[in-house]
Amino acid sequence: MSIFSTICDDINSIFERDPAARSVMEIFFCYPGFHAMLFFRISHWFWVRKMFFAGRFISQMGRFFTGIEIHPGATIGRKFFIDHGMGVVIGETAEIGDNVTLYHGVTLGGTTWKKVKRHPTIGNNVVVGTGAKILGPVRIGDNTRIGANSVVVNEIPSNSIVVGIPGKVVFRVEGEKRIQMDSEFMPDPQARAITALLERVKELEEKVDKNS
C-alpha cells in the first residue's frame, strides 16, 4: 500500500470516529494523533532497515511535537486513530491490528527488562479508553472495549468489555457482533457487587421475618 493510500485511510478513520472532525485541512494541521502517525511511519521505515538511531531520533521528534510516544519498532495496522493523544505511550514490541482507537493517556507497556516480546498485542476493532494501561505481552481479542483507567495484565477474549484494576471482563458478546463504547454498555462491577449484597441482605431479612 502506498504512503498516499495509508494517509487517506488515516484521515477517513478520523472522520468515521470523531464527530468533531470537519475538514481534511483541520485534520492535517490540528490533529496530534494524525501527526504522530506520520512521524511513526517515517521512523518505522528507518527502523526496519536497521537505521536505529535515525528511527529513534525521528520518533523523539514526534514525541516532542505531539506528546505521543510511539517506538519505531512497534507494529501498527491500518486505520489506527489516537484521539486527543497526549500522554499515549506505545512500546517497542507492541503489535496493533486494524481499526484500533486509543484515547489520551493510554499506555501499551512492558513488565520486564529482558529483550523479549514484552508489550501487548491488540486485535482488530479494539477501543482503549482514556488512561487505560495494558501491560506485558498479553493479547487483547478483536472487538474488545477497554474502559477508562483500567489496568489490564491478562489475556482478554474477543468481543469483551473490560473495566477495573486489575481489568476484568464484565460483559461479553458471542459471535462477530461489535460492542459499542456507549456508557450503557460499560457496567460498573462495584455497583453489581453492592446490588448483589443488598439482594442477599433482603433475602436474609425475609427469612428472619418468617421464622420470628
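Values in this text are rule-based calculations from the coordinates and carry no lab data. What you are looking at is a predicted structure, and each value in this text was computed from that prediction instead of being measured. Reconstructed Cβ throughout: ideal geometry from the backbone, glycine too, with neighbour counts over all protein chains shown.
Summary of computed values
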item: Principal-axis tilt of helix 189-211 within the chain, Cα atoms, nearest 10 degrees; result: 0
item: The chain: angle of helix 52-66 to the longest principal axis, Cα-based, in degrees nearest 10; result: 60
item: Amide H within-cut-off set for T93, under 5 Å, with H built and near neighbours excluded; result: R118, H119
item: Positive-end extreme of charge dipole, segment 3-211 - chosen from I11, F34, W45 (charges on Cβ); result: W45
item: Residue order, fewest to most beta carbons within 10 Å, for W113, W45; result: W113, W45
item: Förster radius 30 Å - calculated FRET efficiency between E199 and E174 (Cβ-Cβ, nearest 0.05); result: 0.65
item: Likely footprinting exposure, M51, M37, M25, fewest C-beta neighbours within 10 Å first; result: M25, M51, M37
item: Theoretical ellipticity at 222 nm over the chain - DSSP helices of four or more residues, -39500 (n - 2.57) apiece, nearest 500; result: -12000 deg cm²/dmol
item: DSSP bridge orientation in the chain - percent antiparallel, rounded to nearest 5; result: 15
item: Relative contact order of the chain, pairs being alpha-carbon contacts under 8 Å that are 6 or more residues apart, as %; result: 10
item: Choice from R172, R63, R139 showing the highest fluctuation, given a GNM over the chain with Cα pairs closer than 10 Å; result: R172
item: Karplus-derived HN-Hα couplings along segment 118-133 (A = 6.51, B = -1.76, C = 1.60, θ = phi - 60°), whole Hz, x at Gly and Pro; result: 10, 10, x, 10, 9, x, 7, 6, 9, 10, 10, x, 3, x, 5, 10
item: Burial order of peptide ranges 103-109, 114-120, 64-70 (average beta-carbon count within 10 Å, highest first); result: 103-109, 64-70, 114-120
